[in-house]
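Read-outs: derived from the displayed coordinates by stated rules, not from any lab. As the structure is a prediction and not an experimental result, all values here were calculated from the model. Backbone-built Cβ (ideal geometry, glycine too); neighbour counts: all protein chains shown.
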Amino acid sequence: MLDDTDRRILRQFQADPGLSTADLAERAGITAATCWRRLERMQAQGILLGQQAVIDWRALGYEVEVSLRITLDKTNPRAFDDFLAAAREVPEVLEIQTFLGQVDVRLSVIARDMAHYQQIYRSRILTLPHIADLDALMHVARIKEDEVLPV
């Protein structure tokens, strides 16, 4: 699916996504036209999903991150759909993951401080539908955060 040239492009693109096509091509050792065509192809194939701005939420005053592990009441056939739709509406929820096993869903929640977290927890999290059990894990340190793939 990917050849060595595609991998070179992806490695350089991951290292510096702000590069122009010409600079990316130069670093990958190909022409700008070839680079552009290959980027377009990888986007069409769903390999490249796009570019995004990454904002450091800590720089905006959010100091608390909590991981919530949630078990849903699965006696309701719409439990997952209802819960996920409602959780998407909570602005402080940065990430939603679903699992097979004892824990059904994990939410990553940010807050400015513990008082703000308590407010979010009481007014937005506990009101989410179909929660059977909830466990909170306070983040202490992020040891590795990397979305660079070994291509």
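Numerical summary
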item	result
HN-Hα J in Hz across segment 125-139 - Karplus 6.51, -1.76, 1.60, θ = phi - 60°, x for Gly and Pro	7, 5, 8, 5, x, 6, 7, 9, 8, 9, 10, 9, 10, 7, 6
Listed candidates (1) 15.1, 48; (2) 14.5, 43; (3) 20.5, 58 - label of the one calculated as Rg and Dmax of the Cα atoms in Å	(3)
Ranked packing of 77-87, 54-64, most packed first, by mean Cβ within 10 Å	77-87, 54-64
Shape call, segment 94-151: gyration tensor on alpha carbons, a/c limit 1.5	oblate
Helix-derived mean residue ellipticity, 222 nm - over the chain, DSSP H n ≥ 4, -39500 (n - 2.57), to 500	-9500 deg cm²/dmol
Built amide H within the under 5 Å cut-off of Asp104, gap 5+	Ile70, Thr71, Leu72
Gyration tensor (alpha-carbon) shape descriptor, segment 34-76, a/c threshold 1.5	oblate
Sequence-distant residues sharing a close amide H with Leu94 (under 5 Å, placed H)	Ser108, Val109, Ile110
Segment 27-59 versus segment 79-96: alpha-carbon centroid distance in Å	29 Å
Ordering of 42-51, 130-139, 108-117 by packing [mean C-beta count within 10 Å, highest first]	108-117, 130-139, 42-51
For segment 4-44, alpha-carbon Rg relative to the globular expectation (2.2 N^0.38 Å, N residues)	0.96
Relative contact order (%) - the chain, alpha-carbon pairs under 8 angstrom, separation at least six	26 percent
